[in-house]
Structures are given as structure tokens and as C-alpha cells.
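Report on one structure; see the data block that follows.
The values are calculated or read from the model by the stated rules, or taken from the named source; none is laboratory data. Note that the structure is predicted; figures quoted are calculated from it, not measured. In this analysis, Cβ positions are derived from the backbone assuming ideal geometry, glycine residues included, and neighbour counts consider all displayed protein chains.
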């Protein structure tokens, strides 16, 4: 395989950042010997800092602490939403054993309250899933 300028151009950022392997460095240096014009152009580009990584934005000193606090709050909210969702889901299904057998007293005695609990449960499940997705997208 013939090594072309394009191949060497692809290797130059790693070469100048000193992240290239020994074999890649040797390949680039050998190509520079064979093509001094290209070596001169590559040196000019390095001097012009074209291969440098873009500067990252400086972070505030309290950024890490602020992120930690937000993550903790989100984790607590996720747990709270899960607990509320389970509670409101199971509450209408509450039953009691009596002499008549198993009695679903919420569904039988208070159907409006049971349906309200189920609506609240759906809202809590949605909030739980949204919080979980937000945490997952943040990498937690």
C-alpha cells in the first residue's frame, strides 16, 4: 500500500499532539524525509496551530458541586415519584378479608375516590419516567 499525503494528513493531529503510536510517528517522519515540501507545509500548519484542540470553556469553581446537588435532587425526586406511583396504584386495589371473603372496599365503597387515585397514579408514573429519562440522558 502506498502512503499518500491524505493518509499522513489524517495522522498529523495525533502526531503533533504526541498521541500517535511509535509506528505512526515513524511513518510520518519517514514521509517527511521523502516529501520535504509536504513536511514544510505541515510544519507551517503546526506553527499556525491548526492541529490544536479548540479551547474548552472554563468552568466555574462551584460547577461540580452544583451538578452534584442537582443530581442528588433528581435522584430523590425519582424515588419520590416511584413511591407515590406505587402507592396510588395500589391504594384503589386495597382489600380486606371479612366473613364474606375478599372485599375490594375502595372499588366497591368509593369508586370516584378509587378512579381519582388511579389518575394520580398515572401522573406519578409519567413524572417518574420523565425524571428517569432525564437522569439517563445526563449519564447517571
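None of 26, 52, 110 is at pLDDT 85 or above and surrounded by 10 or more Cβ atoms within 10 Å (Cβ to Cβ) except 26. Does region 93-105 contain at least one residue that is loosely packed, with under 12 Cβ neighbours inside 10 Å and either modelled with pLDDT of 75 or more or within 35 Å of the chain's Cα centre (by Cα) (or both)? No, there is no match, as no residue in region 93-105 is loosely packed, with under 12 Cβ neighbours inside 10 Å and either modelled with pLDDT of 75 or more or within 35 Å of the chain's Cα centre (by Cα) (or both).
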